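One structure is given below, encoded as structure tokens.
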Amino acid sequence: MQRVLQRPRPMPDNLATDRPSAARIYDYYLGGSHNFAVDREFAERAIELWPQLPQIMRENRSFLNRAIRYLVGQGITQFLDLGSGIPTVGNVHEVARSADPDARVVYVDTDPVAVTLSRSLLAGVANTEIVEADLRDVESVLSAVQTRQLLDLSAPVAVLMIAVLHFVPNSDDPAGIVARYRSVMAPGSYLALSHATHEGEPGQADPHMALYARTGTPMTMRSRAEVEAILHGFDPVPPGIVYFPQWRPDPQAPPIPDPERFTGYVAVGRRR
Ligand SMILES: C[S@@+](CC[C@H](N)C(=O)[O-])C[C@H]1O[C@@H](n2cnc3c(N)ncnc32)[C@H](O)[C@@H]1O
């Protein structure tokens, strides 16, 4: 994938570069350059075990783009992107703005590289902000000055949790966290999520999760039933909870065989 970002500011001094980070590993899978040796070594080992990983990540990104276009089509003009990652081609504000120039976007991530690069990318871009916060700390996200200034939660909003909830362990109650966000979302709001699962390729799950256990962001893959429980209080729009390539594919795109190979469930749910 072609990269458009330069690195105009130095990386922050507080980076933990001795351990791979989910944001930078994902950047490497997507063909980016915002990663360190420790991330590249990790990603190469993971790809060795599971060669399809980069393609899975590209499908995740493609779902994100389709979901945003769908949401703008439903009249959504404000987005809260939790676990937004290192900026790459087709960021949420770019896709949303191409459909509605007035779209407002608040990005949230815990990773200092993702936050620093997002700040650089967004400098001077109206109606977009980045918050450095942990999505599990719902109060901090919602009370951040950027969130309060840019988003009007009395009107419908889209909350995006794309490829991030599998970094929230069961002990942190992901369904409870989503319910906290749901409680402040106006009726007619949406939740879009993608989530790694062991159900498509069961043999790959354990070695992959064992690898991620070495990072600062261990991974918990979940079943379809668990993803459904996370979506409690949201009505999934058709086609429901499906594998990446099955969610409203572009009509001109060739069909992708064996979609379960993509080992990620996706859904867009409308708040009741
Ligand atoms: C795989 S990337 C996904 C990026 C983007 N959402 C996408 O799908 O293209 C996961 C991102 O979630 C972030 N992340 C992980 N746990 C988080 C948490 N508890 N709060 C906020 N961000 C988190 C990581 O730093 C990383 O940038």
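With N residues in region 94-197, what two-decimal value do you get for its Cα radius of gyration over 2.2 N^0.38 Å? Mind showing how you got there, number by number?
Numbers: Rg = 13.8 Å, N = 104, 2.2 N^0.38 = 12.8 Å.
Normalised by 2.2 N^0.38 Å, the Cα Rg of region 94-197 equals 1.08.
When His34, His198 are compared by accessible surface with a 1.4 Å probe, the order from highest to lowest is His198, His34.
Rolling a 1.4 Å probe over the protein heavy atoms of the chain, with every protein chain left in place, gives an accessible area that is 51 percent carbon and sulfur.
Using 0.36 nm per residue and subtracting the Cα-Cα separation, the extra length available between Asn170 and Val145 on full extension is 6.1 nm.
In Å, what Kirkwood hydrodynamic radius results for region 55-134 from the alpha-carbon pair distances?
When all Cα pairs of region 55-134 are included, the Kirkwood radius is 12.8 Å.
Fully extending the segment from Leu49 to Ser154, taken as 0.36 nm per residue of separation minus the present Cα-Cα distance, adds 33.2 nm.
Once you order the gyration tensor axes a ≥ b ≥ c over the Cα atoms, which shape class does the chain get: rounded for a/c under 1.5, otherwise prolate or oblate by comparing a/b with b/c?
Details: a/c = 1.36, a/b = 1.09, b/c = 1.25.
Judged from the Cα gyration tensor, the chain comes out rounded (a/c under 1.5).
Once you order the gyration tensor axes a ≥ b ≥ c over the Cα atoms, which shape class does region 162-260 get: rounded for a/c under 1.5, otherwise prolate or oblate by comparing a/b with b/c? It is oblate, given that a/c is not under 1.5 and a/b is not larger than b/c.
Highest mean packing comes first when the peptides 245-254, 168-177 are listed by Cβ atoms within 10 Å, giving 168-177, 245-254.
In a shell of Cβ-Cβ distance under 10 Å around Asp173, excluding Asp173 itself, what net charge do Lys and Arg (+1) and Asp and Glu (-1) give? Overall, the nearby charge balance is +1. Each label was represented as a point 7 Å from its Cα along the Cα-to-Cβ direction; for Arg248 and Asp235 these points are 1.6 nm apart.
In region 204-265, a dipole from Cβ-located charges (positive for Lys and Arg, negative for Asp and Glu) runs towards its positive end, and of His232, Pro249, Leu211 it is Leu211 whose Cα lies farthest in that direction.
Can you compute the charge dipole magnitude of region 116-214 about its Cα centre, using +1 on each Lys and Arg Cβ and -1 on each Asp and Glu Cβ, nothing else charged? Give it in debye, rounded to the nearest 20. Present the calculation step by step, with values, prior to reporting the outcome.
Working: 6 positive and 11 negative charges, 48 e Å.
Roughly 240 debye, rounded to the nearest 20.
Accessible area per residue for region 196-241, computed on protein heavy atoms with a 1.4 Å probe, is 45 Å².
Would you kindly give the portion of the calculated P(r) for region 208-270 that falls above 18 Å, as a percent of all Cα pairs? Counting every Cα pair in region 208-270, those more than 18 Å apart make up 49 percent.
The values are calculated or read from the model by the stated rules, or taken from the named source; none is laboratory data. Being a predicted model, the structure only gives us computed values, none of them experimental. Every residue, glycine as well, gets a Cβ built from its backbone with ideal geometry; the counts of neighbours run over all protein chains shown. What goes into the accessible areas is simple: the full protein's heavy atoms, side chains included, and nothing from ligands, DNA or RNA. Shrake-Rupley method; radii C 1.70, N 1.55, O 1.52, S 1.80 Å.
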